[in-house]
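Visitor: Please see the structure below; I have some questions.
Here, each number is a calculation from the coordinates, and none is a lab measurement. In this text the structure is predicted, and so the values were computed from the model without any measurement. Quick reminder, even Gly has a Cβ in these numbers, built from the backbone with ideal geometry, and neighbours come from all protein chains shown.
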């Protein structure tokens, strides 16, 4: 499997990143271990998580996903075979040690993440969301200290708009600080405008790697949710209500047509992303081995130009 480089970093990742937000939420530990074993055995290597996952579950405090991944790393002995990406900056709730991208919070948070992950370093450490209250110089300098200490190999931004991302890159150039090598935006066949209008050209110009989340629009693009009655099929179904629109149904129709030739709607949706010039690897979660195998198959699906154009037209915004 040909891997793709993340920006100008030394990190090379497989063309699908496992979304670890489901660990401690809709996937228990035994299932997580089976999924991660299968993921690595299939030749894939990048696992995405965050310190905040999954504090939204009653009784959780955040860090559950990282801790589960850490126990798998220890039990499997596969730390050298995978790249771990985690994030910092979001509010983890009343029990949290803070939030934002100030130097003190970043320094405390990486230590907590490393303990949970049971590792000495994180391959990609990402600002989970922009923090306009903290100077970008402070944030990037703090990340630079972690890189210098060997605790982080590369840094990335998540949920930044184009103006703030460009400003961060300019700060790095002017100040000699490490730069964000990746962007993690919300991007899929339905949610296109927020990335394509300003972020995509910026990432292409600056050579950033893009690892997009919600690659299957919370599962909507698999065809699982086609009516309001379908929304109760899973814990994530409620988030798909906004996609039940004429445009959403047109996208599903185009996916269905392409799937008749190329496999399944979910595979086609991932293959469309991989055909985009700015995308390094989509992030997608799996809760079953069957779902995981479908995502594996998606990475080797080569859509013809006609199918790509049809999907792009059907999802026009």
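Visitor: Just report the Cα centroid separation between region 196-265 and region 56-71, whole Å.
Guide: Distance between centres, Cα-based: 26 Å.
Visitor: Taking a virtual spin label 7 Å from the Cα of residue 28 along the C-beta vector, which residues in region 56-84 bring their backbone nitrogen under 16 Å of it?
Guide: 68
Visitor: Here's something else I'd like to know. Just to confirm the number: angle between the C-alpha axis of helix 29-41 and the first principal axis of the chain, 0 to 90 degrees, nearest 10?
Guide: The two axes meet at around 80 degrees.
Visitor: Return the distance in nm (one decimal) between the two label points of a simple spin-label model at residue 173 and residue 245, each offset 7 Å from Cα along Cα→Cβ.
Guide: 3.5 nm
Visitor: Of all DSSP beta bridges located in the chain, what percent are antiparallel, nearest 5?
Guide: Given both bridge residues lie in the chain, the antiparallel proportion sits at roughly 10 percent.
Visitor: Please work out how much length the chain gains when fully extended from residue 260 to residue 108, using 0.36 nm per residue of separation minus the C-alpha to C-alpha distance, in nm with one decimal.
Guide: Length gained between residue 260 and residue 108: 49.7 nm.
Visitor: Just the ratio, please: alpha-carbon radius of gyration of region 175-317 over 2.2 N^0.38 Å, N its number of residues.
Guide: Expressed relative to 2.2 N^0.38 Å, the Cα Rg reads 1.06.
Visitor: Can you put 268, 82, 52 in order, fewest other beta carbons within 10 Å first?
Guide: 82, 52, 268
Visitor: I've got another one for you. Averaging sequence separations of C-alpha pairs under 8 Å and six or more residues apart, then dividing by the length of region 208-290, give the relative contact order as a whole percent.
Guide: With pairs under 8 Å counted, the relative contact order is 42 percent.
Visitor: For the chain, set up a Gaussian network in which alpha carbons nearer than 10 Å are linked by springs, and say which option among 116, 78, 179 fluctuates the most.
Guide: 78
Visitor: Normalising by the residue count of the chain, find the relative contact order in percent from Cα pairs under 8 Å and 6+ residues apart.
Guide: This gives 18 percent for the chain.
Visitor: Roughly what angle does helix 305-314 make with the longest principal axis of the chain, taking Cα atoms, 0 to 90 degrees, to the nearest 10?
Guide: So the helix axis and the longest Cα principal axis differ by about 80 degrees.
Visitor: Here's a follow-up. Ignoring everything except DSSP H segments at least 4 long, calculate the 222 nm mean residue ellipticity for the chain; use -39,500 (n - 2.57) per segment, divide by total residues, nearest 500.
Guide: Mean residue ellipticity at 222 nm (helix-derived): -12500 deg cm²/dmol.
Visitor: Take the Cα coordinates of region 83-208, assign each an equal point scatterer, and use the Debye formula without solvent to give log10 I(q)/I(0) at q = 0.22 Å⁻¹.
Guide: -1.33
Visitor: Determine the relative contact order of region 4-184: mean sequence separation of Cα pairs under 8 Å and six or more apart, normalised by residue count, in whole percent.
Guide: Computed value for region 4-184: 18 percent relative contact order.
Visitor: Which percent, nearest 5, of DSSP beta bridges in region 4-184 are antiparallel?
Guide: Around 10 percent antiparallel, to the nearest 5.
Visitor: Still on this model: Two decimals is fine: what's Rg over Rh for the chain, C-alpha atoms, Kirkwood radius as Rh?
Guide: Expressed as Rg/Rh, it is 0.95.
Visitor: Running a GNM on the chain with Cα contacts under 10 Å, which residue among 219, 148, 207 ends up with the highest mean-square fluctuation?
Guide: 148
Visitor: Next up: What angle do you read, to the nearest 10 degrees and between 0 and 90, between the alpha-carbon axis of helix 246-262 and the longest principal axis of the chain?
Guide: Once rounded, the angle reads 80 degrees.
Visitor: Where Rh is the Kirkwood radius over the Cα pairs of region 262-317, the temperature 37 °C and the viscosity 0.692 mPa s, what D in µm²/s does Stokes-Einstein return?
Guide: The calculation lands on 277 µm²/s.
Visitor: Which translational diffusion coefficient, to the nearest whole µm²/s, is obtained for region 4-184 from the Stokes-Einstein equation, given a Kirkwood hydrodynamic radius over C-alpha pairs, 37 °C and 0.692 mPa s?
Guide: The diffusion coefficient I find is 200 µm²/s.
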